[in-house]
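What follows is a set of notes on a single structure, which appears directly below.
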Amino acid sequence: MKKQVVITGMGVVTPLGNKVEGFWGNLRNGVNGITTQDWLVEAGYASSVGGAVMEPVNIDELVEAKEARRMDPFTRYAIHAADQAVRQSGLDMNAEDPARVGVLIGSGVGGLHVFEEQAKNLARSHRRVSPFFIPMLIPDIAAGFVSIIWGMQGINYSISSACATASHAIGNSLRAIRYGDADVMVCGGADASLTPIGYAGFCNMKALSTNPDPNTASRPFDRERDGFVMGEGAGIFVLESREHAEARGAEILAELAGFGMTGDAHHITSPPPGHTGAVRAMHMAMADAELTPADIDYINAHGTSTPANDKNESQALRTVFGKYADTVAISSTKSMTGHLLGASGGVELAASVCAIRDGVVPPTVNYQTPDPDCDLNYTPNTAIERSLTNVLSNSFGFGGHNAVLAVRAFKG
């Protein structure tokens with residue numbers, strides 16, 4: 001029998017707030033976290049909006065100020081979110097075997113702020129490049145710092161699979177606990193790519209929305225969508241075996257029930273017609289959780305607001321859910337946060353857990369013009385109250401990486 005894996009802690013850093021309850025309150029109320037980035041307007045970028053983290057990210061209680069200054073923002077975001085998750089879980093490392101507590105935190109891009117800064121230093125002289133450059137840059141450093149801060153000596157590594165990163169990290173943490181390699185995993189993803197070179201790369205490949213209105217730029221599944229809006233943040237979880245959580249009296253938020261992952265083997269940035277890889281990943285996640293399409297109440301879609309993704313994800317959903325495709329609730333919370341790249345799967349899983357807890361499906365905002373290629377129930381503009389037991393969270397990344405998580409209400 002598979003070990004039951006449960007969620008006991010969650011933490012987020014997002015454009016809608018840096019605490020789970022504030023973030024969730026804004027999501028369910030349809031609040032827009034996307035803003036005009038004046039520096040992009042001044043520099044003449046094709047895209048001028050973004051989902052920037054607006055609230056302070058303070059980790060001074062966890063690391064020395066000098067150490068914090070040496071971190072790229074993505075690392076600080078991960079630590080801040082991990083602190084929330086660990087606190088909520090009530091995990092006491094003094095009472096744990098540190099070798100049984102692991103960390104798996106990924107980043108789609110890594111330290112892009114640091115990369116730009118040090119490239120400027122290199123242009124002046126190679127001697128001006130910081131000796132801390134490599135440790136600040138590498139995507140695995142967030143997992144390293146979290147393990148050091150809390151003394152977690154178990155599994156420790158990073159995953160980088162573009163926009164599927166956090167979901168892969170969470171799914172592989174689920175498996176690590178099931179296989180008996182850990183009792184507890186701190187896992188998720190973080191990214192901070194709202195930089196000149198980050199925008200230049202995405203703009204020049206014509207992936208970003210060129211709509212200058214922050215209130216309508218991210219419009220998943222809408223016929224007028226023209227690209228995604230880049231965001232930043234982190235989503236981190238504490239996962240445990242049910243036995244371990246109950247033995248220490250932890251509050252269980254939900255059960256992480258299933259995980260599916262596939263590859264498209266099609267194109268570096270575009271999904272295949274019908275998104276066959278996504279179809280297989282959703283089927284795998286449901287099979288792992290011993291669920292059928294009839295059991296799924298809500299899907300937090302990848303829903304990027306790009307022409308190709310939204311059309312192909314809609315086709316995949318119709319293929320997977322068949323006669324249930326028109327009744328299952330679907331939404332894209334990226335309509336409010338933008339696309340948080342490697343952090344998106346973590347932040348969206350947090351939204352999914354809150355949705356189950358409160359019986360609320362968050363909306364897809366900015367949905368005005370139906371698209372005949374996207375003909376499902378996307379929960380347009382206003383949240384709905386609905387009893388939710390089983391939820392899927394979809395994440396798909398450049399390179400053809402697909403990861404789907406299945407989460408369900410915990411029944412003690």
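Details
- Within the range 1-30, tally of residues that are within 23 Å of Gly189 (Cα to Cα), in a loop (DSSP other than H, G, I, E, B) and hydrophobic (A, V, I, L, M, F, W, C): 1
- Qualifying residue in the range 329-337 (condition: surrounded by fewer than 24 Cβ atoms within 10 Å (Cβ to Cβ) and at pLDDT 95 or above): yes
- Candidates Ile59, Ile79, Ile105, filtered to the one that is part of a helix (DSSP H, G or I), touching a helix residue (DSSP H, G or I) at 6+ places or on another chain (Cβ under 7 Å) and either surrounded by 20 or more Cβ atoms within 10 Å (Cβ to Cβ) or at pLDDT 95 or above (or both): Ile79
- The range 158-170, residues that are crowded, with 24+ Cβ neighbours inside 10 Å, more than 11 Å from Phe237 (Cα to Cα) and of a type outside the set (Ser, Thr, Tyr): Ile159, Cys163, Ala164, His168
- The helices (runs of 4 or more DSSP H) falling completely within the range 274-382 that include 3 or more residues that are in contact with a Ser or Thr (Cβ under 9 Å, 6 or more places away or on another chain) and within 17 Å of Gly30 (Cα to Cα) map to 334-337, 344-358.
- Scope the range 395-409; condition within 15 Å of the chain's Cα centre (by Cα) and assigned to a strand (DSSP E or B); matching residues: Ser395, Phe396, Gly397, His401, Asn402, Ala403, Val404, Leu405, Ala406, Val407
- Odd one out for Leu388, checked against (1) part of a loop (DSSP other than H, G, I, E, B); (2) under 20 Å from the mean Cα position of the chain (by Cα): (2)
- When the criteria are applied in full, Ile134 meets the requirement of being assigned to a helix (DSSP H, G or I), within 19 Å of Thr195 (Cβ to Cβ) and of a type in the set (A, V, I, L, M, F, W, C).
- Tally of residues being touching a Gly at 6+ places or on another chain (Cβ under 6 Å) and either in a loop (DSSP other than H, G, I, E, B) or in the same structural domain as Leu340 (by TED's automatic domain parsing) (or both) across the range 163-184: 2
- Within the range 294-313, the residues that satisfy the criterion of being surrounded by fewer than 23 Cβ atoms within 10 Å (Cβ to Cβ) and more than 13 Å from Thr379 (Cα to Cα) are Ala294, Asp295, Pro307, Ala308, Lys311.
- Residue satisfying all of: in the range 215-272; surrounded by fewer than 17 Cβ atoms within 10 Å (Cβ to Cβ) and polar (S, T, N, Q); nearest to Ile155 (Cα to Cα) among these: Thr269
- When we screen Val49, Val53 for residues that are surrounded by 20 or more Cβ atoms within 10 Å (Cβ to Cβ) and more than 20 Å from Ala350 (Cα to Cα), the only hit is Val49.
The values are calculated or read from the model by the stated rules, or taken from the named source; none is laboratory data. In this text, all values refer to a predicted model and were calculated from it rather than measured experimentally. Every residue, glycine among them, receives a Cβ derived from its backbone with ideal geometry; neighbour counts consider all protein chains shown.
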